[in-house]
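The values are calculated or read from the model by the stated rules, or taken from the named source; none is laboratory data. If you're wondering where the values come from, they're calculated on a predicted model, not measured in any experiment. Neighbour counts run over all protein chains shown; Cβ positions are idealised from the backbone, glycine included. Areas reflect the complete protein model, heavy atoms only, side chains present, ligands, DNA and RNA absent. Shrake-Rupley method; radii C 1.70, N 1.55, O 1.52, S 1.80 Å.
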Amino acid sequence: MPVTGYADVNGARLYYERLGAGPTVILLHAGIADRRMWDRQFEAFARRYQVVRYDMRGFGQSKQPETPYSHRRDLLGLMDALGIDRAALTGCSRGGTIALDFALENPDR
């Protein structure tokens, strides 16, 4: 069973799920979906990695506060809240764009 919870990040509460052990892989969903788009990959990847998936603001179980925000800063805040120093990012569509921009801004993470 995955560990589930909410992380308070930059004025928002982001819902996340974590499963497995080993190097961390974070799954970033598309702009028309939520974390559940990764259902098939989540458990499969968790056989070899620690996998984290979460709902970005306004998707799934994460609410959309009425404050300015950045998905990249939210991802960094989530990693800090979960004690993740480095991770491989896997994103689809909007999630892919966030992953690429995050990696350019935070190459050490």
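Specify the residue that is most open to solvent (accessible area, probe 1.4 Å); the eligible residues are those in the stretch 20-41 that are farther than 20 Å from residue 102 by Cβ and part of a helix (DSSP H, G or I).
This residue is 40.
Taking into account only those residues within the stretch 68-81 that are open to solvent by 30 Å² or more (accessible area, probe 1.4 Å) and part of a loop (DSSP other than H, G, I, E, B), which is modelled with the lowest pLDDT?
68
Would you call residue 90 among the hydroxyl-bearing types (Ser, Thr, Tyr) and either touching an Asp or Glu at 6+ places or on another chain (Cβ under 6 Å) or not in a loop (DSSP other than H, G, I, E, B) (or both)?
yes
Return the residue satisfying two criteria in turn: it lies in the stretch 31-86 and is among the polar types (S, T, N, Q) and farther than 16 Å from residue 106 by Cα, and of such residues it is farthest from the chain's Cα centre (by Cα).
Of everything passing the filter in the stretch 31-86, 67 is farthest from the chain's Cα centre (by Cα).
Which number in (1) in a strand (DSSP E or B); (2) more than 22 Å from residue 101 (Cα to Cα) marks the one condition that residue 52 misses?
Condition (2) is where residue 52 drops out.
Starting from the stretch 83-109, keep only residues that are farther than 20 Å from residue 37 by Cβ, then list their pairs with residues that are of a type in the set (A, V, I, L, M, F, W, C) and open to solvent by 30 Å² or more (accessible area, probe 1.4 Å) whose Cβ atoms are within a distance under 6 Å, requiring at least 6 positions of separation or different chains.
none
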